[in-house]
1. How do Thr406, Thr240 line up, fewest other C-beta atoms within 10 Å first?
2. How much length would be gained if the chain were fully extended between His349 and Asp381, taking 0.36 nm per residue of separation minus their Cα-Cα distance, in nm to one decimal?
3. Starting from the amide H of Ile421, placed 1.01 Å from N in the peptide plane, find each other amide H under 5 Å away whose residue is 5 or more places distant or on another chain.
4. Can you tell me how much longer the chain between Lys29 and Glu184 gets when fully stretched, taken as 0.36 nm per residue apart minus their C-alpha distance, in nm with one decimal?
5. DSSP loop (so not H, G, I, E, B), at most 16 other Cβ within 10 Å: list which GluC sites (Glu not before Pro) in the stretch 223-305 pass both filters.
6. Can you list, bin by bin at 10 Å, the percent of alpha carbon pairs in the stretch 174-244, starting at 0?
7. Quickly work out the Asp218-to-Asp65 label distance, labels modelled 7 Å from Cα along the C-beta direction, and quote it in nm with one decimal.
8. Testing the spin-label approximation: label points 7 Å from Cα along Cα→Cβ at Thr404 and Thr16. State their distance in nm.
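Read-outs throughout are calculated quantities, based only on the coordinates presented, and are distinct from any laboratory measurement. Just so you know, these numbers come straight off a predicted model, no measurement behind them. Cβ sites come from the backbone with ideal geometry, for glycine too, and all protein chains shown count toward neighbours.
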Amino acid sequence: MQTEIKPINEVCSEVTVVIEAEKVDEAYKKYFNKKAQELEIPGFRKGKAPKNMIEKLHGADIKEDFEIKFAIDSLYQVLRENNLNFLATPQLKSLDWNEGSDMKLTVILEHIPDLTLDLLENLEVPFKPQTLEDAVNQFLGDLRWKQRTIQDVDTVEENTTLHSRLYFTWKGEDYNYSVNIYSEELENLPALKELISKKIGDKVSLSLPIETLKQFIDDDTIDFEDETQMDVTIEIDAITKLIIPEIDDEFAKDMDFENLEEMKAKIREELKAQVEHSNYVAQNNAIINALFKKKPFKIPPMTLKSIIDDYAASLHIDENHPLYNYYVNEAANYLVRYLIVDSLREKIHIEVSEDMINEFIEHRAILSNSSVAGYKEKNEDYIKSDNFIRDAQDYFLLRKIAETCTFIEPTGETEYPAYEIAPYEPEEEEEQDNQDKPEEQEEPSEENVRKEEQ
């Protein structure tokens, strides 16, 4: 077999394999005879039909099946012999063969980009760690939100919610709906300003834009035609107000502390390890970002599509879903991380010891705000898996690189730069290939074949 490997870009190569005619013909003869023995043709015992009848009835299908199977087997033999690793299933670009001729197949192969270790020399990594004080304030903010309450009030204000009935008449028919009007709507919709200072039981007549009315009633059965405004009456049934407590000494006393400083000190103590280990993870991600910016590469399209399809299937979404593009970016970022770490793993060998395994378990337990024993019990299967060992290797690999990096203050965007998808299919060649193909012939029927035989 002759093999030609032509790089297209950092992550795609075109692999062409030529297999000698003698070898292909011999393999096809064996394949044809085996299939002939399996076929049942009316009027003949199984496997006893004449060869020319089998060729006329099933020859095209047998040849097509053979080409694909033989090409795949030959391709994977070439990949093994040349130690060519690949990501997604190779994509067949062309396959040419006729009996008595060499078989030529060309595939597009996606592979891991080659990141040389000199990229790590003098690597500057933009990184801003989370401070313990920031974590404490975030914790208090979340706790403050959890302690919110909703109180009944008598008068409508901009920061209140109205529970009301909405009435209007359209084409002689009366309509009424139960409607909640939230504080944002009171603040941002001028037509609702008339409700401010009203009380429970009040009825307020006003004119609403049709689009606003549609949002309130959520009823697609009414055709408002070309109307732009609608006179409505709103009857106020109840008024509520969201109360979020202030973070002060009184708040701390409600949490069983003497004062706010004592409460913050306790939170600092509990969050210290979690912030430290969260920064380890953030540093690791920042290293990947820096390497990608230092040597960006295009995203392998077939592999990306495979990941996106998995996301879409698991989440039951399609490309029309409002979050679809978000998951496309998530898939691209995941793939970039995977490719960079996998490339580094081939060059920096990390042997994970028992002590490192225990350290990694403790790291994961801290991040999940769990005890080591609790984490082990909850993640028993994961800890026993190859994925856990691989994750531990990646973690310590990046921690080792972190020891040699210089972490600097970010000056701008720290996320991945806009990625490009690697092109790999020249359209003009494909069109030419299609022009060279003969027109498809109609498959012969058994009846016509029998007539020719007679």
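1. Going from sparsest to densest Cβ surroundings: Thr406, Thr240.
2. Numbers: separation 32, 0.36 × 32 = 11.52 nm, distance 2.53 nm.
Extending this stretch completely gives an extra 9.0 nm.
3. Under 5 Å from the amide H of Ile421: Ile299.
4. Roughly 48.1 nm would be gained on extension.
5. Working: sites: Glu225, Glu227, Glu235, Glu246, Glu250, Glu258, Glu261, Glu262, Glu269, Glu270, Glu276; in loops: Glu225, Glu227, Glu246, Glu258.
Those that pass, being in a loop and sparsely packed, are Glu225, Glu227, Glu246, Glu258.
6. Reading the bins upward from 0: 16, 54, 25, 5, 0.
7. 5.5 nm
8. Modelled inter-label distance: 4.0 nm.
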